[in-house]
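To keep things clear, I will list the structure first and then write my remarks on it.
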Amino acid sequence: MKPLDRIGTNEQDVVAQRRRDGYRSEASDDGLAEVRETLGALLDQLLPGVPPTVDLVAFIEANTGRPLGRGDRRAGTPAEPELFRAGLGALERAGFLSLDDASQRELITRMRRGQADQELETHAKEFIDRLLAKALTGYMAHPDVWERIGFGGPAYPEGYAWIGLDEVSARHQRKRGWESL
């Protein structure tokens, strides 16, 4: 990862906070607190091997309802907070926590294939797909994961340069101003 002194101070603060807190924050009022244990067990099945410094349950709780890259929603599907509460509630009623690992994975597979909507009486496929996307967003945004995958970290204070063919050509031909490309 880039040395922290080579990125902006805002970025340094975010990296330091994520390393220190792992997304933990004040309790939210999104209604997920009562299903926290079920959420944790589900995330453990969806993303096994997440380092303990990356608290995806806290990330989901803090970011439910916040658009992070997606804003679309199928007709008839509830908004994300309601979708997550309904999906986690359905898993609790189905006894998800009491199932063994193989049975949990089998239920998740049926959910991902769209075969558990009637069984769970909820939008199970949409729920599991949205939850997984949200969890992956949190996972990939954590500095400990950046190191695991070899990502160099956030942009330098001046940002990334988006260059086209003309700029590439100028750089290779060492035309005037090429050193700034």
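The values are calculated or read from the model by the stated rules, or taken from the named source; none is laboratory data. All values derive from a computational prediction rather than experimental measurement. A quick note on method: Cβ atoms are made from the backbone with ideal geometry, for glycine too, and the neighbour counts reach across all protein chains shown. These area figures cover heavy atoms from the full protein model, side chains too; ligands, DNA and RNA do not enter into them. Shrake-Rupley method; radii C 1.70, N 1.55, O 1.52, S 1.80 Å.
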Taking the Cα of Ile149, stepping 7 Å toward and past its beta carbon, and measuring to each backbone N in the stretch 48-70: which are under 19 Å?
48-60, 63, 68-70
If you count only protein heavy atoms and use a 1.4 Å probe, how large is the accessible surface of Leu107, to the nearest 10 Å²?
10
Residue-wise, which Karplus ³J(HN,Hα) couplings in Hz belong to the stretch 125-134, taking 6.51 cos²θ - 1.76 cosθ + 1.60, θ = phi - 60°, and x for glycine or proline?
5, 4, 4, 5, 5, 5, 5, 4, 4, 5
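If you roll a 1.4 Å probe over the stretch 20-143 with all protein chains in place, what percent of the accessible area is carbon or sulfur? List each step's numbers first, then the result.
Details: 3100 of 6450 Å².
Using a 1.4 Å probe with all protein chains present, the stretch 20-143 comes out at 48 percent carbon and sulfur.
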The simple spin-label model distance between Leu97 and Gln118, using points 7 Å out along Cα→Cβ, in nm, is 3.0
Contour excess over end-to-end distance, with Cα ends at Ala75 and Asp166 and 0.36 nm allotted per residue
28.3 nm
Kirkwood Rh, angstrom, the stretch 84-153 [1 / mean 1/r, Cα pairs]
13.4
Not counting ligands, DNA or RNA, and with a 1.4 Å probe, what is Ile149's accessible surface area in Å² rounded to the nearest 10?
100
Can you sort Met111, Met140 by solvent-accessible area, 1.4 Å probe, largest first?
Met140, Met111
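Tally Lys and Arg at +1 and Asp and Glu at -1 over the other residues with C-beta under 15 Å from the C-beta of Asp44: what net charge comes out? If you can, show how the numbers build up before the last one.
Working: positive: Arg36, Arg105; negative: Glu37, Asp55, Asp100, Asp101.
With Lys, Arg at +1 and Asp, Glu at -1, the neighbours total -2.
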Going residue by residue through the stretch 99-108, the Karplus relation 6.51 cos²θ - 1.76 cosθ + 1.60 with θ = phi - 60° gives ³J(HN,Hα) values, rounded to whole Hz and with x marking Gly or Pro, of 6, 6, 4, 4, 5, 4, 5, 5, 5, 4
